[in-house]
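The next block holds one structure in the form of structure tokens; read it before the comments.
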Amino acid sequence: MYDVIAIGCGPFNLGLAALADGVDDVQLAVLDSRPEFTWHRGLMFEDAMLQVSFLADLVSLVEPAHHLSFLSYLKDNDRLYQFYVREKFHPTRREYETYLRWCAAQLDSLHFGHHVQDVVWNGSSFELTVERGDSVEQVEARHLVVGVGTEPFVPAALAGLPAERFTHSADYLFRKEDLLRTGRVTVVGSGQSGAECALDLLRSNGPAVSWLTRTPSFAPLDYSKLVLEMTTPSYVDYFHGLDEPVRDKLVKEQWRHYKGISSETLDDIHDVLYSRDLPVELQCGVAVVSAVARADGLELTMLHADSGKTFQHLTGAVVAATGYRNRPLPFLESLQSQIEHDAAGRWVINRDHSARGALEGRIFVANADLHSHGVAAPDLGIGAIRNATILNSVAGREVFRLPKSTAYTTFAIPG
């Protein structure tokens, strides 16, 4: 019997395990079906930078002196002075994954190779059926944290393309050599992933490159200081108290806070375009309507937003940088009727990140609460705060002191 079982081991549930390490009255286990911890391997470019500060590690914004902080990792690996001299707050993506794996190696509460098949409520606890190799085990927990992450999303217009000529950006580096052998590669989508794939293709001096997006521009990430206050707990408090239609409207409007492109990447792309004579096509405000495979490649039918007209685009291969969506939860099917859903069929999430419903035990969510907690939900910087909130709620006491003031901006009506 555990107090908490966390399903899925991405950075957020890894951070939950890190904060729970040493909390004697909370017995926690993290189960993940993968054989080991990995993070975004298909997009691990040599020079890719994390888009948040090193303080957005697993623990520092709650417990800066924690033994699993990023600074502790640097010290343990004799890199602290080099990081100081470097004078950059943002680690590379490779180093951040190395830090995460360093943390995972020190936590006994992580259990890889454990696939959760089913979860039921037996009247007093959650009972999990877990596949482990050739055996099936039963484990119990008072509470659950669901952090199974997201999966690549492919829009219907691109879904029928042959696998040998198509890949999602999540698998770009695994398929790069195949792409370089085609005459033209088209990247569809203009978030950070799309920009990094386009830049890598341009630097490869291989096939002709097209970069197409339905957004009105290749928009930079809005990383200005006061806008960043919308990823703080203060804004989460405000956002959670709004009516559902207002929250949905704001999430759509605030996409540049978490889906834009870093200014550095945009500068790098422009530098490559300026310095080299490359066959390249960049077009914004266009959406894929349909796509078919032909003997000589792929034919995309594109809709030009401003004119309302369609045109044909021919290419050898497509990289779909079309984002991600929450993974389905088949193992929780028997509990869905006891969880409250909103008008859009999503879970109603309380401020402490637990799903509202009739169950005595609570089901908390990690990074599946964009609709209820706003644009901070996928931000690594909110992970430690979310996990501390969950652990405080499970323990029924203030295990971790949470910050009271996190923004200069006032979001609600004064008074």
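The values are calculated or read from the model by the stated rules, or taken from the named source; none is laboratory data. The shown structure was predicted, so the numbers you read here are calculated from the model rather than taken from an experiment. Please note: Cβ atoms are built from the backbone with ideal geometry, for glycine as well, and neighbour counts cover all protein chains shown. SASA here: full protein model, heavy atoms, side chains in, ligands and nucleic acids out. Shrake-Rupley method; radii C 1.70, N 1.55, O 1.52, S 1.80 Å.
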Alpha-carbon Rg/Rh ratio, for segment 100-210, with Rh computed the Kirkwood way
1.15
222 nm mean residue ellipticity, helices alone, for the chain (DSSP H n ≥ 4; -39,500 (n - 2.57); rounded to 500):
-7500 deg cm²/dmol
Applying the gyration tensor rule to the Cα atoms of the chain (axes a ≥ b ≥ c; rounded if a/c under 1.5, else prolate if a/b exceeds b/c, else oblate), the class is prolate
Counting only heavy atoms of protein chains, what accessible area per residue, in Å², does segment 42-120 have with a probe of 1.4 Å?
52
Of the accessible area of the chain, computed with a 1.4 Å probe and all protein chains kept, carbon and sulfur make up a percent value of 51
Measure up Lys75/Lys404; Lys225/Lys252; Lys88/Lys249; Lys88/Lys225; Lys225/Lys249 against 25 Å on the Cα-Cα distance and list the ones that go over.
Lys75/Lys404; Lys88/Lys249
Whole-Å distance linking the alpha carbon centroid of segment 3-32 with that of segment 299-364 is 25
Listed by chain and number, the aspartates and glutamates with an alpha carbon less than 18 angstrom from that of Lys309, same-chain partners under 8 positions apart left out, are Glu299
What does the accessible area of Leu71 come to, in Å² to the nearest 10, when a probe of 1.4 Å is used?
80
In Å², and per residue, what accessible area does segment 147-277 have when probed at 1.4 Å with the other protein chains present?
49
Within the set Val148, Val139, Val30, GNM on the chain using Cα springs under 10 Å gives the largest fluctuation to Val139
Mind running the shape call on segment 49-88? Use the C-alpha gyration tensor, a ≥ b ≥ c as the square roots of the eigenvalues: rounded below 1.5 for a/c, prolate if a/b tops b/c, oblate otherwise.
oblate
What are the ³J(HN,Hα) values, in whole Hz, obtained from phi via the Karplus relation 6.51 cos²θ - 1.76 cosθ + 1.60 with θ = phi - 60°, for each residue of segment 285-299 in sequence order, with x given for Gly and Pro?
x, 10, 10, 6, 8, 7, 8, 9, 8, 10, 4, 9, x, 10, 10
Which cross-chain or sequence-distant (5 or more) residues have an amide H under 5 Å from the amide H of Met49, H modelled 1.01 Å from N in plane?
Arg93
Using a 7 Å offset from the Cα along the Cα-to-Cβ direction at both Tyr81 and Lys309, what is the distance between the two label points in nm, to one decimal?
6.6
For segment 76-86, Karplus-derived ³J(HN,Hα) couplings (6.51, -1.76, 1.60; θ = phi - 60°; whole Hz; x for glycine and proline) come out as 5, 9, 6, 10, 5, 5, 5, 5, 5, 5, 4
Roughly what % antiparallel, to the nearest 5, for the DSSP beta bridges in the chain?
50
Histogram of C-alpha separations across segment 230-314, 5 Å bin width, %:
3, 10, 12, 13, 12, 16, 13, 9, 7, 4, 1, 0
Most fluctuating of Leu144, Leu359, Leu380 in the GNM of the chain (C-alpha, under 10 Å) is Leu359
Cβ under 12 Å from Gly297's Cβ, Gly297 left aside: what net charge do those residues give with Lys, Arg +1 and Asp, Glu -1?
0
Going 7 Å from the Cα of Arg203 along its beta-carbon direction, which residues of segment 65-99 have the amide nitrogen within less than 15 Å of the resulting point?
92-95
Could you report segment 283-415's accessible area per residue, 1.4 Å probe, as an integer in Å²?
48
